[in-house]
Amino acid sequence: MCGFAFYYGLSDCSTDLVRKSVQRMRHRGPDESRVLAKGKASLGHVRLSIVDLGSSHQPMQTPDRRFSLIYNGEIYNYRELRSHLASRWDFQTSGDTEVLLAGLVLEGEKFLPQIEGMWAFALWDSLTESLLLSRDRMGKKPLYYECSHSGFRCASELPALRDLTENTWSEDVDSTADYFRYGYYLPGFTAWQNIFEVLPGHWLRWSPDKQIIEQSYWQLPHPQSGMANPNDEDLINTLEAAVQKRLIADVEVGAFLSGGVDSSLICALAQPHMSKQLKTYTIGFSEHTYDEREYADLAARYIGTDHHVEELTCWDQSRLESLLTGHLGQPFADSSLLPTSMVSELAARDVKVVLSGDGGDELFGGYQRYQARLILRWYTRLPTMLRKYAESALRALPEPGVHHSRSLLKKAHLFLNIVQRYKAETPYTAPLIFHPEEYDRLFPGLAGYGHRPPKLLEETDLDDLQRMLFADTLVYMPQDILVKVDRASMAQSLETRAPLLDHKVIELAFSRPGSSHFTLGNGKRWLKKAFHNRLPDSIWRRRKQGFGVPLHEWFRGELGDRLNDLLRSAPESINSDSVGQLLHEHKSGKRDNGYRLWVIYVYMANRNQ
């Protein structure tokens with residue numbers, strides 16, 4: 001895994017800027033750093049060596065030095081692709097980088113659909129002065145860019161991109177409105193005006209004095225596409241193959257193991273292919289309703305892994321703010337960024353690569369909000385007065401400050417939030433953080449702002465449940481989950497691989513109707529049915545928990561005081577009095593506003609850096 005930067009322009013110091021940019025990303029590639037000057041273009045790369053350790057240096061050039069490639073990722077089928085290209089290319093290395101270079105030079109954008117893996121790359125043609133960029137289908141690997149009258153710049157992380165420009169970045173108000181609705185930014189956009197990301201599953205071509213061309217090379221299969229209905233054996237074979245491919249490395253591979261269904265299943269499928277015990281890693285919490293160590297230990301014993309555990313006892317301000325400013329470069333409200341960073345640090349002491357269970361909830365209907373949507377269909381048919389009475393009675397009861405998996409009352413309060421937001425979720429883009437009235441009160445300066453969600457989510461022939469699966473896979477997954485995992489792990493020089501996000505697994509999952517994945521009270525039906533004999537029943541039957549942190553307790557203490565301090569210099573777009581009321585309501589125990597407060601705190605903390 002790696003990081004890279006590219007600069008094209010008239011600046012005499014472009015090479016120095018690229019060198020500074022890649023040095024900022026040294027965490028992404030501590031093993032090697034190189035910069036190449038090609039006329040008006042400069043390319044830089046830092047490398048985390050995983051395959052072909054002694055060769056495959058980057059930037060990699062063709063023998064005639066016309067094409068130069070900088071690349072971040074892993075191509076799992078590179079050996080098969082190498083055989084496909086061997087008659088037309090004289091290979092000098094044994095890794096995947098030269099395979100990518102050869103495929104792009106020989107076949108151009110048509111080569112992309114043949115690749116199995118995760119990637120972001122920049123290919124520079126010095127003869128035609130043309131730049132080709134691309135990201136993998138799901139957007140596992142990041143790539144940001146800025147195009148202006150002075151040239152073109154791109155980098156793997158936003159702070160590194162900022163090092164390439166002499167321009168002052170300005171906040172994008174539409175993106176800020178999106179952030180406060182969803183906790184992250186919509187695909188293609190960032191927190192900053194005129195700073196964009198290459199879309200997942202797309203390629204982008206740029207040349208001086210020409211318009212940018214961006215096209216899709218892969219799309220999520222439509223539920224109504226008429227694909228053949230796969231059976232259990234298809235899923236078993238496809239996922240097992242995906243796991244085996246992600247064990248390809250010239251270094252040791254470990255795994256994250258939370259004790260949930262997805263990470264446990266991935267570990268169970270990987271262990272038989274290991275020459276020794278698989279090293280697994282988990283983070284526990286002192287707040288017992290958030291702690292999953294019991295199930296992680298159970299899964300580790302059952303599978304037979306070499307298990308490692310640490311505990312997160314309190315919020316870590318320095319770790320969070322270091323991630324925000326040094327790696328993310330913009331607000332990011334998923335609080336599980338902290339434990340993900342911590343478990344990555346734990347794993348990086350032993351290994352350079354880990355497997356993860358990311359993708360199982362989005363593809364196979366694991367989130368409890370899918371069941372809540374089924375309940376909502378029934379609930380909205382009840383008489384209006386009965387619903388109003390039930391909601392008033394429930395609101396009168398204090399909301400517990402515990403994890404939702406341990407409290408029916410907590411789940412009931414969360415369901416009321418879904419009811420209140422229902423009318424505002426057309427089309428459903430992701431779970432909204434604030435219901436509309438609360439949003440307008442807290443952020444009066446952002447009313448009417450926001451970017452449009454992907455057009456695919458507006459298709460009328462998707463029912464509400466299908467739209468949820470689509471949106472969580474196309475929006476929530478790449479903009480939240482994959483951002484979190486990439487930045488937290490790469491900050492520790494650790495590569496993370498997600499077998500469930502193999503595009504063949506994704507296509508299988510979306511070729512079946514949503515009803516095959518979840519019913520009321522039962523998520524991941526197909527996944528559980530196909531792999532029921534690979535894990536103990538206690539893992540399959542356990543409550544859905546997720547990788548949450550105890551924000552409720554943190555905001556009742558020092559973190560709440562920290563937010564109060566930040567509110568004294570709140571921007572006009574935030575109603576500091578209303579936020580103060582939220583915090584008071586939270587500290588008094590009347591309502592758990594932890595996540596809402598966290599979204600605001602992260603934004604404020606990012607502004608103060």
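Any idea which of E109, E32 is over 24 Å from Q492 (Cα atoms), in contact with a strand residue (DSSP E or B) (Cβ under 6 Å, 6 or more places away or on another chain) and surrounded by fewer than 21 Cβ atoms within 10 Å (Cβ to Cβ)? It would help to see each step written out before you state the result.
Details: E32 fails: over 24 Å from Q492 (Cα atoms).
Answer to the selection: E109.
Pairs are defined by a Cβ separation below 6 Å, a sequence spacing of at least 6 or placement on different chains, a first member in segment 256-279 that is on the phi > 0 side of the Ramachandran plot, and a second member that is open to solvent by 40 Å² or more (accessible area, probe 1.4 Å) and in a helix (DSSP H, G or I); the pairs so defined are G259/Y295. Of the residues that make up segment 237-248, is at least one part of a helix (DSSP H, G or I) and more than 25 Å from L469 (Cα to Cα)? Looking through segment 237-248, at least one residue is part of a helix (DSSP H, G or I) and more than 25 Å from L469 (Cα to Cα).
Here the condition is being more than 30 Å from L500 (Cα to Cα) and among the aliphatic types (A, V, I, L, M); of L131, L123, it holds for L131 alone. Just so you know, in segment 275-297 the residues that are modelled with pLDDT under 95 and aliphatic (A, V, I, L, M) include one that is nearest to the chain's Cα centre (by Cα), and it is I283. Go through segment 520-540 and give me each residue that's open to solvent by 50 Å² or more (accessible area, probe 1.4 Å) and over 26 Å from the mean Cα position of the chain (by Cα). Within segment 520-540, L520, G521, K529, H532, N533, R534, D537 meet the criteria. For segment 421-447, residues that are open to solvent by 70 Å² or more (accessible area, probe 1.4 Å) and at pLDDT below 85 total 4. Taking the criterion of being open to solvent by 10 Å² or more (accessible area, probe 1.4 Å), over 9 Å from Q479 (Cβ atoms) and at pLDDT 95 or above, the only residue of segment 174-187 that qualifies is D174. Going through (1) part of a helix (DSSP H, G or I); (2) buried (at least 17 other Cβ atoms within 10 Å of the Cβ); (3) acidic (D, E) one by one, D334 falls short only on (1). Across segment 280-291, what is the total count of residues that are in contact with a strand residue (DSSP E or B) (Cβ under 7 Å, 6 or more places away or on another chain) and touching a residue at least 24 places away in the same chain (Cβ under 8 Å)? Here the count works out to 7. Among the residues of segment 264-295, the ones that are touching a Phe, Trp or Tyr at 6+ places or on another chain (Cβ under 9 Å) and among the small types (G, A, S) come to 3 in all.
As an exercise: evaluate G151 against (1) touching an Asp or Glu at 6+ places or on another chain (Cβ under 6 Å); (2) at pLDDT below 95 and give the number of the one condition it does not meet. Evaluating G151 over (1) touching an Asp or Glu at 6+ places or on another chain (Cβ under 6 Å); (2) at pLDDT below 95 leaves (1) as the failure. Does S258 satisfy the condition of being assigned to a loop (DSSP other than H, G, I, E, B), crowded, with 17+ Cβ neighbours inside 10 Å and either of a type outside the set (V, I, T) or under 23 Å from the mean Cα position of the chain (by Cα) (or both)? Yes; evaluated as a whole, the condition is true for this residue.
Which is surrounded by 24 or more Cβ atoms within 10 Å (Cβ to Cβ) and touching a residue at least 24 places away in the same chain (Cβ under 8 Å), of L164, L131, L199?
Values: L131 fails: surrounded by 24 or more Cβ atoms within 10 Å (Cβ to Cβ); L199 fails: surrounded by 24 or more Cβ atoms within 10 Å (Cβ to Cβ).
Answer to the check: L164.
Restricting attention to segment 35-56, which residues are part of a strand (DSSP E or B) and either touching a His at 6+ places or on another chain (Cβ under 6 Å) or of a type in the set (K, R) (or both)? Please lay out each step first, then the result.
Here is the first cut: in segment 35-56, the ones part of a strand (DSSP E or B) are 35-38, 41-47.
Correct list: K38, R47.
Against the numbered list (1) among the aliphatic types (A, V, I, L, M); (2) within 26 Å of the chain's Cα centre (by Cα); (3) open to solvent by 10 Å² or more (accessible area, probe 1.4 Å), M25 comes up short only at (3). Within segment 572-589, residues that are farther than 20 Å from A447 by Cα have Cβ atoms under 8 Å from residues that are of a type in the set (D, E) in these pairs: H586/D592, counting only partners at least 6 apart in sequence or on another chain.
Within segment 482-510, restricting attention to residues that are charged (D, E, K, R) and in a helix (DSSP H, G or I), which residue is surrounded by the fewest Cβ atoms within 10 Å (Cβ to Cβ)? Outline the logic, then answer.
At the first step, the residues of segment 482-510 found to be charged (D, E, K, R) are 484, 486-487, 495, 497, 502, 504, 507.
In the following step, the residues that additionally are in a helix (DSSP H, G or I) were identified as 484, 486-487, 504, 507.
Numbers: K484: 23, D486: 25, R487: 25, K504: 14, E507: 18.
The extreme case among them is K504.
The values are calculated or read from the model by the stated rules, or taken from the named source; none is laboratory data. What you are looking at is a predicted structure, and each value in this text was computed from that prediction instead of being measured. Glycine also receives a Cβ, built like all others from the backbone with ideal geometry; neighbour counts cover every protein chain displayed. For the accessible areas, the whole protein counts, side chains as well, though only heavy atoms, and no ligand, DNA or RNA atoms are used. Shrake-Rupley method; radii C 1.70, N 1.55, O 1.52, S 1.80 Å.
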